[in-house]
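Only one structure is covered here, and it is reproduced in the block below.
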Amino acid sequence: MLDDFFNSIKSRIDYDNKSKPVKGKKNRKMAIPPDLLFKCPRCQELTFMDEFEKNQKVCIECNYHSRLSSKERINMIIDEGTFIEYDEYLSSKNPLNFPDYDKKIEQAKLTSSENDAVKTGEGEIFSKLSVIIIMESNFMMGSMGSVVGEKISRAFENAIEKKLSVVLFSASGGARMQEGIISLMQMAKTSAAVSKHNDAGLLYISVMTDPTTGGVTASFASLGDIIIAEPKILIGFAGRRVIEGTIKQKLPDDFQTAEFMLEHGFVDMIVDRVNMKNTLYNILDLHDFSEDTDEGKLNNE
Ligand SMILES: [Zn+2]
């Protein structure tokens with residue numbers, strides 16, 4: 001039975017004809033079927049895709065946290081069947097008539113199966129109802145245009161109305177250049193929505209995932225009451241080369257990593273994906289002052 005299994009794998013691996021595999025040596029020219037094996041971009045180790053997926057898309061060898069789609073993130077964080085999506089059909093126009101922007105949007109819709117670069121809604125985390133915002137890195141690198149800003153602002157407004165906490169997962173290359181100044185305005189708009197939510201005394205947990213950069217770092221992602229990051233991810237505003245060119249200094253190797261940000265007080269905690277749901281629950285529970293829940297009763301005893 002085991003032989004059959006390995007034979008079926010062999011038949012699906014397409015060896016390069018010029019360099020037949022040599023026994024005992026790694027054949028680097030082997031083409032990897034994308035549906036069968038995962039090659040870690042950090043440590044280069046190969047893992048079976050099903051093992052990698054079972055491990056929540058974290059490399060078993062080096063703890064590399066790969067990017068997730070918003071749907072995958074919901075499946076990991078939100079209790080099954082409790083997610084209700086907001087503004088699912090909002091989609092970007094081309095307000096500045098930027099060349100080929102319409103085509104790019106259509107392409108991004110096909111590759112991501114989403115209508116824009118953020119998914120918003122409400123759902124339960126171990127029965128704690130919260131507003132959830134998840135950026136979609138597969139849609140134009142999670143860039144923030146008018147629709148992303150509008151959906152995030154509306155989600156915060158919903159949270160204020162329903163007196164709910166907000167949990168936001170950011171993953172973004174920054175503002176969307178095709179919408180120019182309209183993109184940049186979303187920084188102010190989303191920050192104002194976060195501020196109103198804060199004034200209402202409600203909790204906002206910001207979770208930074210790979211990458212959190214540009215106008216997203218410079219607005220709502222950095223405004224959480226508690227800021228969590230996944231390990232070793234990229235967090236920054238401008239890119240390393242731009243900064244080095246401006247200040248004429250070499251930056252440290254770990255500059256713009258989650259660990260560097262934690263050391264410098266920009267991030268409150270680094271949490272592995274496997275512990276993320278429990279951590280979010282504990283923080284939500286700690287800030288839940290409603291007395292009609294079982295947890296509230298327990299805390300009062
Ligand atoms: Zn790895």
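Read the figures in this text as sums done on the coordinates, not as results from a lab. Keep in mind the model is a prediction, meaning the values are calculated, not measured. Cβ coordinates were reconstructed from backbone atoms using ideal geometry, including for glycine residues, and neighbour counts include every protein chain displayed.
Some values worked out for this structure:
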{"quantity": "Distance violations [Cα-Cα > 23 Å] among Lys57/Lys250; Lys71/Lys151; Lys71/Lys277; Lys232/Lys277; Lys189/Lys250", "calculated": "Lys57/Lys250; Lys189/Lys250"}
{"quantity": "Helix runs (DSSP H) in the chain reaching 15 Å along axis by Cα, Kyte-Doolittle at least -0.5", "calculated": "146-162, 180-199, 273-286"}
{"quantity": "Prolate/oblate/rounded label for the stretch 70-300 (Cα gyration tensor, a/c 1.5)", "calculated": "oblate"}
{"quantity": "Gained length - Tyr86 relative to Ile181, 0.36 nm times residue gap less alpha-carbon distance", "calculated": "31.6 nm"}
{"quantity": "The stretch 70-300 - share of DSSP beta bridges that are antiparallel (%, nearest 5)", "calculated": "40 percent"}
{"quantity": "Span from the the stretch 56-121 Cα centroid across to the the stretch 206-265 one, whole angstrom", "calculated": "21 Å"}
{"quantity": "Cα gyration tensor shape of the stretch 36-99, rounded if a/c is under 1.5, else prolate or oblate by comparing a/b with b/c", "calculated": "oblate"}
{"quantity": "Net +/- balance of residues flanking Ile60 in space, Cβ distance below 10 Å, scoring K and R +1, D and E -1", "calculated": "-2"}
{"quantity": "Normalised contact order of the chain, rounded percent, pairs of Cα under 8 Å and 6 or more residues apart", "calculated": "12 percent"}
{"quantity": "Within-13-Å neighbourhood charge of Gln256 [Cβ basis; K, R +1; D, E -1]", "calculated": "-3"}
{"quantity": "Under 25 Å, Cα to Cα: Lys pairs in the stretch 88-150, sequence gap 8 or more or different chains", "calculated": "8"}
{"quantity": "Prolate/oblate/rounded call for the stretch 186-289, Cα gyration tensor, a/c under 1.5 rounded", "calculated": "oblate"}
